[in-house]
Amino acid sequence: MMFDIDPSPSPQMVKKFYFLDYIFILLQSCKIYSDRDKIFSNFKILKEKESLGESKYRKLSTEQSNLSQVQVRRYIYTFEQVIAEAVNYGLVKDKNRTLNLTETGLKYLLLGEDKKRDFYESLLESMESRYFAFFDLINLCYNQNKTKNGLLIFPIYSPLKLGFVKSEMKKNGDWINYSIKLKRKLEADILNFLGQKLDLTEANDLLLSNLLGDSLLSSDKDKLFDQKLYNSIISRFRKFWLNYFLNNIYDYKHSFETFNIWVERGKQLGIIHTTEFYPDFDGRLVFPTSIIVKKNNNKDLIPVYSYSNGDKLFIHKLAWNRDNQDAFVEALVYCYFDLKRSRGTHFVRISDLRERVCYKKRIPSFVFNEFLEKIYNKNLKGETSVQISLEADRLPYETSAMYLKREPVSINGQYKNIVAIDYRKK
């Protein structure tokens, strides 16, 4: 769709960080100091205070107080990236190693200090008016999968998931067999989730040819492969198929890195949801929690951006009313008992339940968190048809790595990890 304005810069020009809170803590630091070094020191303190990790996942534990040189260099790199983008949006002026807030930057900061989501939506205005990245991304989702409301899938199946034990994969032929089984599994997922019947033989042959050309595998099926290359080969399989889905099936014109940046930012804004932990699916799901239309009569769709062609971007943010409360509880109960049946246990992970409910209701994760807290408090007063128990404990099979990679649910200021639901006795 064409715009009656000058073409925007490419979305791939955006800086390489996920957390929008980085810009907020930069503005906070610039309000106190103008000297670049002092701003960096304060930025680092706030970064640790807010538990903003270097990856796209929030960490539940605080950063180490004594940082290594490598960590310091990473902090500095992130700091400079955030400055560049803040300058790009006219929030900060950068001159002679001094940084100063602009009027717009101060306005955004004051909005965020009052209500963080107001800061996010202001930042959305700055980002979208320059890149139109969300316009392209949301339309891509709906155009690629109309039958499932814009769902995109990125399956990932390790050899173990497909029945290949690492210790038994010794020959080049084992990798060829894995590639064939993986190809068939991907074809089945494409048919099941996207409604497309594709033959991936040619793509799989190209992947194997690349691995042969880079001497990671040999054409001799009976020849032993170097076990030290196991992880490298796995990585190559994953990267190839992820990029194949993005570029060849979904026809996304930018890199996977660019896609990740905008999807993760969109998740914070409530525009799109993404997860690598959807229950009973191996891989990553991406789907819109927003819509782009000219007119809308649904009061639960809130306008957050207007395009020059008359289109508007609406986020699905449920109003706290009786109808939505009842519908949320209904979805909560349905998804909980579905998980309970498949897990065979009374308590299930709240993060698993959140993924199911967000997909079913097509709502942002922060809306789920807000509604769960309000419903839980009504439950404590006996004002709900169900009883909800929330605990901080982990399930027995959870490792620390699994726990740290899942966004926690904060209920009344306390992190909760597992949930049990039952109908209230009359």
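What follows is calculated from the coordinates using simple rules that are stated; it is not laboratory data. No experiment lies behind these values; they were computed from the predicted model shown. Every residue, glycine as well, gets a Cβ built from its backbone with ideal geometry; the counts of neighbours run over all protein chains shown.
Ordered by residue, what ³J(HN,Hα) values in Hz, to whole numbers, does region 250-258 give under the Karplus form 6.51 cos²θ - 1.76 cosθ + 1.60, where θ = phi - 60° and Gly and Pro are x?
After applying 6.51 cos²θ - 1.76 cosθ + 1.60, I find 8, 6, 7, 8, 10, 6, 5, 4, 5 Hz.
Can you list the equivalent-ellipsoid semi-axes of the chain, largest first and in whole Å, using the square root of 5 times each Cα gyration tensor eigenvalue?
35, 30, 24
Per-residue HN-Hα couplings for region 409-421, Karplus 6.51 cos²θ - 1.76 cosθ + 1.60 at θ = phi - 60°, whole Hz, x for Gly and Pro?
10, 9, 10, 6, x, 10, 6, 10, 10, 10, 9, 9, 10
Using unit Cβ charges (K, R positive; D, E negative) and no other charged atoms, how large, in debye to the nearest 20, is the dipole of the chain about its Cα centre?
780
Which parts of region 271-290 would a label at Y334 reach, counting a residue when its backbone N lies under 17 Å from a point 7 Å out along Cα-to-Cβ?
Residues passing the 17 Å test: 279.
Taking H as built 1.01 Å from N, whose amide H comes closer than 5 Å to the amide H of R284, not counting residues under 5 places away?
Amide H neighbours of R284: F154, I156.
7 Å from Cα along Cα→Cβ at both V165 and N321: what's the point-to-point distance in nm?
5.9
Per the helix-only calculation at 222 nm, which mean residue ellipticity applies to the chain, given -39500 (n - 2.57) for every DSSP H run of n ≥ 4 and division by its residues, nearest 500 deg cm²/dmol?
Counting only the DSSP helices, I get -15000 deg cm²/dmol.
Which residue fluctuates the most in the chain, going by a Gaussian network model with Cα springs under 10 Å, if the choices are I83, I363, I271?
I83
What order, most packed first, do the peptides 278-287, 140-149, 22-31 have when packing is the mean number of other Cβ atoms within 10 Å of each residue?
Final packing ranking: 22-31, 278-287, 140-149.
When Lys and Arg each count +1 and Asp and Glu each count -1, what net charge do the other residues less than 11 Å away from L162, Cβ to Cβ, add up to?
That works out to +4.
Considering the dipole of region 272-426 built from charges on the beta carbon (Lys and Arg +1, Asp and Glu -1) around the Cα centre, which of A392, A327, V357 is farthest to its positive end?
Highest projection toward the positive end goes to A327.
Limiting things to C-alpha atoms, what are the Rg and the maximum Cα-Cα separation (Dmax) for region 158-272, in angstroms?
Final numbers for Rg and Dmax: 16.1, 52 Å.
Taking θ = phi - 60°, what integer Hz values does the Karplus form 6.51 cos²θ - 1.76 cosθ + 1.60 yield along region 143-154, in sequence order, with x for Gly and Pro?
Using θ = phi - 60°, the values come out as 5, 7, 8, 5, 6, 10, 6, x, 5, 10, 10, 9 Hz.
Averaged across orientations, what area in nm² does the convex hull of the alpha carbons in region 296-400 project?
Result: a mean projected hull area of 8.7 nm².
Can you give the relative contact order of the chain as a percent, counting alpha carbon pairs under 8 Å and 6+ residues apart?
Value for the chain: 14 percent.
Taking N as the number of residues in region 140-192, what value does Rg over Cα atoms divided by 2.2 N^0.38 Å take?
Cα Rg divided by the expected 2.2 N^0.38 Å: 1.49.
As an exercise, identify the trypsin sites (Lys or Arg not before Pro) in region 166-240 lying in DSSP coil whose Cβ has no more than 16 other Cβ atoms within 10 Å.
Those satisfying the criteria are K170, K197, K221, K223.
Could you compute the FRET efficiency for E80 and D220, with r as their C-beta to C-beta distance and R0 at 60 Å, rounded to 0.05?
Step by step, r from the Cβ atoms, then E = 0.75.
Please report, in whole Å, how far the alpha carbons of region 243-302 spread along each principal axis, starting with the longest.
Principal axes ranked by extent give 38, 29, 19 Å for the Cα atoms.
Scan region 336-392 for trypsin sites (Lys or Arg not before Pro) in coil per DSSP, keeping those whose Cβ has at most 10 other Cβ atoms within 10 Å, and list them by number.
Counting only loop positions with at most 10 other Cβ atoms within 10 Å, the trypsin sites (Lys or Arg not before Pro) in region 336-392 are K381.
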